[in-house]
Structure formats: C-alpha cells, structure tokens
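K.L.:
Pasting a structure below so you can have a look.
What follows is calculated from the coordinates using simple rules that are stated; it is not laboratory data. Note that the structure is predicted; figures quoted are calculated from it, not measured. Note: ideal-geometry Cβ built from the backbone for every residue, glycine included; neighbour counts use all protein chains shown.
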Amino acid sequence: MRQHHRSTRLLGSLLLVAAAGVLGVGAAPPAAARHATPLDRIVPAPASVTPGGSPYRLTRDTHIRVDDSREARRVGAYLADVLRPSTGYRLPVTTHGRGGIRLRLAKGPFGAEGYRLDSDGRGVTITAAAPAGLFHGVQTLRQLLPAAVEKDTVQPGPWLVAGGTIRDTPRYGWRGAMLDVSRHFLTVDQVKRYIDQLALYKLNKLHLHLSDDQGWRIAVDAWPRLATHGGSTQVGGGPGGHYTKADYQEIVRHAASRHLEVVPELDMPGHTNAALSSYAALNCDGVAPPLYTGTEVGFSSLCVNKEITYDFVDDVVRELAALTPGRYLHIGGDEAHSTSHEDYVTFMDRVQPIVAEYGKTVVGWHQLTGATPAKGALAQYWGLDSTGAAEKAQVAEAAQNGTGLILSPADRIYLDMKYDANTPLGLSWAGYVDVRRSYDWDPGAYLPGAPPEAVRGVEAPLWTETIENSAHVEYMAFPRLAGAAELGWSPAATHGWDGYRVRLAAQGPRWDALGIGYHRAPEVPWPAR
Ligand code: ACM
C-alpha cells in the first residue's frame, strides 16, 4: 500500500514537472495538459481571459492557503469540502506556508463581487477585495477542473487547471432566482439544495415567494393561523407546509454561506386567498373563503378599506423584516384583478411606508408602477416581448423617474415555461421557451425607453403549479438557469449563442456528477454520456 502511494506520488511529481513545461520548448504538450479545461470554457463567461503558461496540477500535497480572516477561512473550507471527496486529498486549509491554492483578500479593481484568478505551474491564486469575490472565484476554479471533481467518491484525476489569468466582475448587482414555495411547498433541504446550485453560477439573490392563494408558508406570531391553516395545503390538495422562524433563518444562513441574499415576498393585495381563509376579519364581507388548491389567479384581494388590513400588513412585514438580514422585501402586487385601480393605489400608498418603517427597500412586480413606487423601490418586469406598448411605457417611465428594474420577462426566463410541446412539466401561457430563446436577449436593451442604468439585473422565477420536488425544479431550471446567470454576470461583449452553447454543453457532465437531472435540449451539443 505504502509503496503504491509513493509511486503514485512520484508519478504525480513527474507529471507536474512535465506540465510545468520543463520537458523542452517545442515538445508536444503532455497528455495530461491537454485535458485542462480552457480558461474561457466556463459559465458565466468571464469578463476577460488571458490564457498562457503552464497548468497547475492539484496533488495530495496541495494546501488551500487563506488570509487569516474568518470569511476567507470559510471560503477555503467550502472549497475543501467541494474538492476532498473526489480527489481523496486532505487539502488542509492553512493561513501560512506554501499554498498551491491561495485565496487572497486585497485591494484592487474587483468591486464587491469580482475576482482575479492566476494560474501557473506553482499554484492557483484567487484575489478579491471581498469574500463574495473569493467565493465566485472558487466557482470558476471548480469549472476549470474536470467535471469528475463534482462527484462524491474518489476519482482518478489528474486535476489540472490551465495556466493564465481571468479578470472577472459582474455586469449587474442583482442576479436572482425566484422559487415559488406557495403553489407547492418545498422543504428547507430542497431549498438549500437549490441554493447550492444557484451558487455554482454566481447568482446572488434568492427570492422566496412565501405566500399566494394556495399557501402561506412563513410562521407569523401575531397571526398564527396564517401558517397552521393557510399553509396546510397546496395545489392539488397535498399537505402543504410552512417554515417555522427557525426554518426560515436556516435558509437565510445557508444562503449567506453561499453569498446569496434572501429576498422574501409576501404577495399583496391579490394572491391572498390563504390569508383570507385563515382570518375572516380580513375579508370585506367578514366571511373566510375555503382554502384553494386550484391554479386560477386574480380572484382574491385584501380588503383595502378595512383598518385591520394594515394592522395585518404591519405585523407580517415587521416579523418577516426582523428575520431577514437582507435589504429588500418584496410585496408582490401582480395580478390584483379583484382590486380596483383606485384601491390598488391606496393600498400601495399605505403599505410601502410600512416596509420602509421596518428598514427594508420595496420590491414589487412591475404592476407597482401603476401606483406610485416609493423612492428607491425596484420593479420586477415579467411581461413578454408581445406585452403592449402602453404597459412597457409605464414601466420605462417609472425607470426614467428612478425606479430600478429587475428583468424577468416571462417568455425569456420564466423557468416554469415548457421548453417545447413535449416537456412533461410546466406551463405554456407565455409560450415555449427553449434554451436559445432564454439566453438570446440583452437585459441592457430589453425594455424600450428604460435607461440602461435603471436595470439592476435579471432574475429567473420558477413558479410551482406543476413542480413538486427537487427533480422537477432541476429539470426546468437546468440548463436555462445557467443562461439567466450569464445574462446577469457577463459583459454584453461576451454574448453569443455559438460560443455559449459549447460552454453550456461542458456543464452537462458536471450536472451528471452532481446528480442534477437536466433537460438535454437538442440545440446544445452535449457530450455523449
Ligand atoms: C406573475 O407571474 N404573476 C408575476
């Protein structure tokens, strides 16, 4: 055994020397070096890539050297957790001595989330100004290693990282994914699994749609029946569920450990049947409707002219804000078809200051622009290419007046839209959204008349009328989520379908290794399995 280990090690050193290019100028690259993934074969496309020099080979002697800060050590420990099972190496995380892999915090042109990755025969160094940048650099490093690095059993390697430099900063500060846990409830573990997947593609916001007609999913002390009654079913009549405050905080903590901020949504004044069913007093006629397990929209409304409505909003916003370290609270505002326009405006005029009172910034679906968005509010656009000019102009005008935009066009990045007529899950009211369509648009030029600087980023929502578990989530999200992530991260200059489909294809074996059951879309040249 010992002998065997030694010889493996010796072979490893020889390969390292070979990989370092010491074999002589003009010699063909060693076989192993040819296996290194090119630095630009990643998703999202990096801002700038300068390939060159020798690859680095991860060995059993590699250490992960980090700066002596809690945050840097955390990122180092996360990287070690990713790499240890498949490499079988110890990969100690150290704050001194030789590195191999080094995570370094330093001043530089990185912004809050950017990083630089330098790789040569001696090591790989990721430099960033903030821990989030180190974390995103680590995601890049994962993709530069062979796909088998994602497996949870020991694999043969070799573990090569191509030589060169990547300089990378995101185009947008808002790169989100929304999960509807109301239509079908998803457990804490299912949400954590999705968070881990979002982190792979450098997303930084998890928007949780916590309430809708079919279910209220967060415990509220002042109104306990919201969760116990309002959360007791779901689409199709299953048992539903809700998050206790401890559950929600566990999700928030897990998201933070992956450098994602949770943006909670309580959808109001429509989409409120679960709340109305829980408390008769919230209804204009004082009668609680039954719970609802269908998939219609637009039939429920809070009672805008009753004072108790604002006591309710104050309590639920206060309690949710107190559980949420992030800056934003989403108040929905879509499809309020059972609320008159006048009432809608009145409601938003009263509710937005409550959000501000508890220290949060308002986000609303873009119908909020039909009322008066609060100063600093963000509007999330979910229209279609074919949405009427007047509706688009209303959103553009709000953007001209300072309302920031999050772009979630439904016929582009609604992950619950079917890919094509054969997709077994999902809906098609916005049309079929194939992989190319979901990728091939420019957030900076999408909405006519909106100033490009009003666009804060993109978000890919996943509504769950037909989605019941992680396998369903993953089939609809992958591969389209990767495209949404690229639209949010990569400079417009890197955009191009022909290059993207090749980089996307390289993700397939990674998803296989991670147990993600993705849609093998025909327009992507996936490697044979
Ligand atoms: C929405 O799809 N109703 C925001």
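K.L.:
Rounded, prolate or oblate, given the Cα gyration tensor of the stretch 247-329, with a/c below 1.5 counting as rounded?
P.N.:
Taking the square roots of the gyration eigenvalues as a ≥ b ≥ c, the stretch 247-329 is prolate.
K.L.:
Still on this model: What ranking of LYS418, LYS202 emerges when the number of other C-beta atoms within 10 Å of each C-beta is taken as an exposure proxy, fewest first?
P.N.:
Lowest to highest Cβ neighbour count: LYS418, LYS202.
K.L.:
Compute the relative contact order of the chain as a whole-number percentage, counting only Cα pairs closer than 8 Å that sit 6 or more residues apart in sequence.
P.N.:
Normalised by residue count, the contact order of the chain is 13 percent.
K.L.:
With unit charges on the beta carbons (Lys and Arg positive, Asp and Glu negative) and the dipole taken about the Cα centre of the stretch 435-529, which residue among HIS495, PRO452, LEU514 sits farthest to the positive side?
P.N.:
Value: LEU514.
K.L.:
Which shape class applies to the chain: rounded if a/c is under 1.5, otherwise prolate when a/b exceeds b/c and oblate if not, where a ≥ b ≥ c are the square roots of the Cα gyration tensor eigenvalues?
P.N.:
prolate
K.L.:
Sorting CYS284, CYS303 on the 10 Å Cβ count, fewest up front, what's the list?
P.N.:
Arranged by neighbour count, lowest to highest, CYS284, CYS303 become CYS284, CYS303.
K.L.:
As a test of the formula, what do you get for the chain when each DSSP H run with n ≥ 4 contributes -39,500 (n - 2.57) and the sum is divided by the residue count, at 222 nm and rounded to the nearest 500 deg cm²/dmol?
P.N.:
Dividing the helical sum by the residues of the chain leaves -10000 deg cm²/dmol.
K.L.:
Same structure again: Among MET178, MET476, which comes first, second and so on when ranked by fewest other beta-carbon atoms within 10 Å?
P.N.:
The most exposed by this proxy come first: MET178, MET476.
K.L.:
Please label the shape of the stretch 443-529 as rounded, prolate or oblate, based on the square roots a ≥ b ≥ c of the eigenvalues of the alpha-carbon gyration tensor (a/c under 1.5 means rounded; beyond that, a/b larger than b/c means prolate, else oblate).
P.N.:
It comes out oblate by the Cα gyration axes.
K.L.:
Highest mean first, how do 460-467, 239-246, 58-65 rank when packing is the count of other Cβ atoms within 10 Å averaged over residues?
P.N.:
Answer by packing, highest mean first, reads 460-467, 58-65, 239-246.
K.L.:
Among bridges DSSP assigns within the chain, what percent are antiparallel (round to 5)?
P.N.:
30 percent
K.L.:
Need the list of lysines near LYS205 for cross-linking: C-alpha distance under 30 angstrom, and skip anything on the same chain fewer than eight residues off.
P.N.:
Partners found: LYS107, LYS151, LYS192, LYS245, LYS360, LYS375, LYS392, LYS418.
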